[in-house]
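Participant: There's a structure below that I have some questions on.
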Amino acid sequence: MSHMDHDRSGRQGASLACALRRSVKWAVALGAWVLFGGCGDLGRPAQVVDELGEPASIDVVSPTLPLQIGVGETVTLQADVRDASGKILGDEAVQWFSSDPAVVEVDMVGVASGRAVGIATLRASLESIQSADLAITVVATVGAVATVSTIPTGPIEVSEGATVQFGAEVRDAQGTLVASAALSWSSTDATVVTIDAAGLATANGVGSAQVLAESEGIQSAPVDVSVTSVAPDFDMLIQPIFTTSCGFSGCHGGPNPQEELNLEPGQAYDEIVNVSSTRLPQWLLVQPGDPDASLLYVKVASDAPPDGARMPLGGSLTAVEIQRLRDWIAAGAPR
């Protein structure tokens, strides 16, 4: 159907509605006049019709102005039809028109839907009476988070001390990636697995835990992570602790290590296992099988060691590192 045919049919429908409404009003007025014998204050039927009011103007009422909605969003408009005195006529049904239905579509009850980015004007009509144009701006919307998926999805099995880099995809209800969505990570058991803000998970101890990603209150499916024990290995588990905390020049490294104790790679093992302390000869630095009799362990684990202050100076090892050192010594301090 062409626009001209559509407009013609709309006018014909409006004319029919107008004639029907006038007939109903005359019927109501005539019935009332006959019922009461054509007397009293009712007056003649024509007077009753006049008192019922004829449409004179239409006001379109919007919840907010200026009016802006997103693509896929809706807003309900109201059309107040008034007579010449300004009285609202509550039984008048208007027709709604959009200047560009591809941008804003409006149904017969005034619900406007944003279809595409742009601007369109809406108008309400009744017979030959039209409202003023109402402009609606449609803007692009960022989809609300609907799903969060982790990468990898699991289940995962890692060795104690290992790390796993996680990622996540956040999508809206249409399946579109929401690139700007904020993301947080959590673990159900930090003694087994911890995960930082960047999604890097660290296996801290033997056991099972779950890793989850969350965005705007929407959580991913949990990822099962199992951490298995590994044979105690000095170079893999213990040397990195020394290297980052004290096994460097100016401390227990370099050409002149403090207390003549060199904890650099290739030197540390032979300098501590079954070796007496230079300051407390009755103590072995590491006594295989007995962490509590090993001065090295006591110095990093106790706030009141038998000599000097807790090590390393200016800080402390993490609980995981301390436990790893204890486990290694308890296992016999293997090389």
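Participant: Filter region 128-175 down to residues that are of a type in the set (A, V, I, L, M) and open to solvent by 50 Å² or more (accessible area, probe 1.4 Å) and give me whichever is farthest from VAL104 (Cα to Cα). Break it down into steps so the answer makes sense when it comes.
Facilitator: First pass over region 128-175, keeping only residues of a type in the set (A, V, I, L, M): 129, 132, 134-136, 138-140, 142, 144-146, 148, 151, 156, 158, 162, 164, 168, 170, 173.
Still in the running and open to solvent by 50 Å² or more (accessible area, probe 1.4 Å): 132, 135, 140, 142, 144, 151, 173.
Values: ALA132: 17, ALA135: 10, ALA140: 13, VAL142: 18, ALA144: 21, ILE151: 39, ALA173: 21 Å.
Looking at residues that are of a type in the set (A, V, I, L, M) and open to solvent by 50 Å² or more (accessible area, probe 1.4 Å), I get ILE151.
Participant: I need the strands (runs of 3 or more DSSP E) fully contained in region 120-193, keeping only those with at least 3 residues that are free of Cβ contacts under 8 Å to residues at least 24 places away in the same chain and of a type outside the set (S, T, N, Q). Full working, then the answer.
Facilitator: Details: elements: 134-139, 147-151, 156-159, 163-165, 167-171, 184-187.
Those strands (runs of 3 or more DSSP E) do not exist here; none qualify.
Participant: State all residues of region 91-114 that are charged (D, E, K, R), assigned to a loop (DSSP other than H, G, I, E, B) and open to solvent by 40 Å² or more (accessible area, probe 1.4 Å); if no residue qualifies, say none. Break it down stepwise before answering.
Facilitator: Start the filter on region 91-114 by keeping residues that are charged (D, E, K, R), which leaves 91-92, 100, 105, 107.
Subsequent filtering for residues that are assigned to a loop (DSSP other than H, G, I, E, B) retains 91-92, 100, 107.
ASP91, ASP100, ASP107, listed by residue number.
Participant: Read through the list (1) more than 30 Å from THR318 (Cβ to Cβ); (2) open to solvent by 50 Å² or more (accessible area, probe 1.4 Å); (3) among the small types (Gly, Ala, Ser), then give the number of the only condition that SER125 fails.
Facilitator: Among (1) more than 30 Å from THR318 (Cβ to Cβ); (2) open to solvent by 50 Å² or more (accessible area, probe 1.4 Å); (3) among the small types (Gly, Ala, Ser), the lone unmet condition for SER125 is (2).
Participant: Of the residues VAL211, VAL178, VAL193, which single one is of a type in the set (A, V, I, L, M), surrounded by 15 or more Cβ atoms within 10 Å (Cβ to Cβ) and closer than 23 Å to GLY72 by Cα? So that I can check it myself, show each step before the final result.
Facilitator: On the way: VAL211 fails: closer than 23 Å to GLY72 by Cα; VAL193 fails: closer than 23 Å to GLY72 by Cα.
One residue alone meets the criteria, VAL178.
Participant: Taking only pairs six or more apart or across chains, which ones have beta-carbon atoms under 8 Å, a first residue in region 268-292 that is charged (D, E, K, R), and a second residue that is part of a loop (DSSP other than H, G, I, E, B)?
Facilitator: Cβ pairs passing all conditions: GLU271/LEU261; GLU271/ASN262; GLU271/LEU263; GLU271/LEU285; ARG279/ASP307; ARG279/GLY308.
Participant: If CYS251 satisfies every condition in (1) over 30 Å from LEU284 (Cβ atoms); (2) over 42 Å from the mean Cα position of the chain (by Cα) but one, which is the exception?
Facilitator: Result: CYS251 passes all but (1).
Participant: VAL117 fails exactly one of the following numbered conditions: (1) open to solvent by 60 Å² or more (accessible area, probe 1.4 Å); (2) of a type in the set (A, V, I, L, M); (3) within 23 Å of the chain's Cα centre (by Cα); (4) within 25 Å of LEU77 (Cβ to Cβ). What is the number of that condition?
Facilitator: (3)
Participant: Follow-up. Can you find even one residue in region 229-252 that is in a loop (DSSP other than H, G, I, E, B), open to solvent by 70 Å² or more (accessible area, probe 1.4 Å) and within 18 Å of ALA319 (Cβ to Cβ)? Explain how you work it out, then say what you get.
Facilitator: Initially, region 229-252 is screened for residues in a loop (DSSP other than H, G, I, E, B), giving 229-233, 246-252.
Now narrow it down to the ones that are open to solvent by 70 Å² or more (accessible area, probe 1.4 Å): 229, 231, 248-249.
Keeping just the survivors that are within 18 Å of ALA319 (Cβ to Cβ) gives 229.
Within region 229-252 (the criterion being in a loop (DSSP other than H, G, I, E, B), open to solvent by 70 Å² or more (accessible area, probe 1.4 Å) and within 18 Å of ALA319 (Cβ to Cβ)), the answer is yes, since at least one residue qualifies.
The values are calculated or read from the model by the stated rules, or taken from the named source; none is laboratory data. What you are looking at is a predicted structure, and each value in this text was computed from that prediction instead of being measured. Note that we place each Cβ from the backbone using ideal geometry, even for glycine, and neighbour counts take in every protein chain shown. The area values use the complete protein model at the heavy-atom level, side chains included, leaving out ligands, DNA and RNA. Shrake-Rupley method; radii C 1.70, N 1.55, O 1.52, S 1.80 Å.
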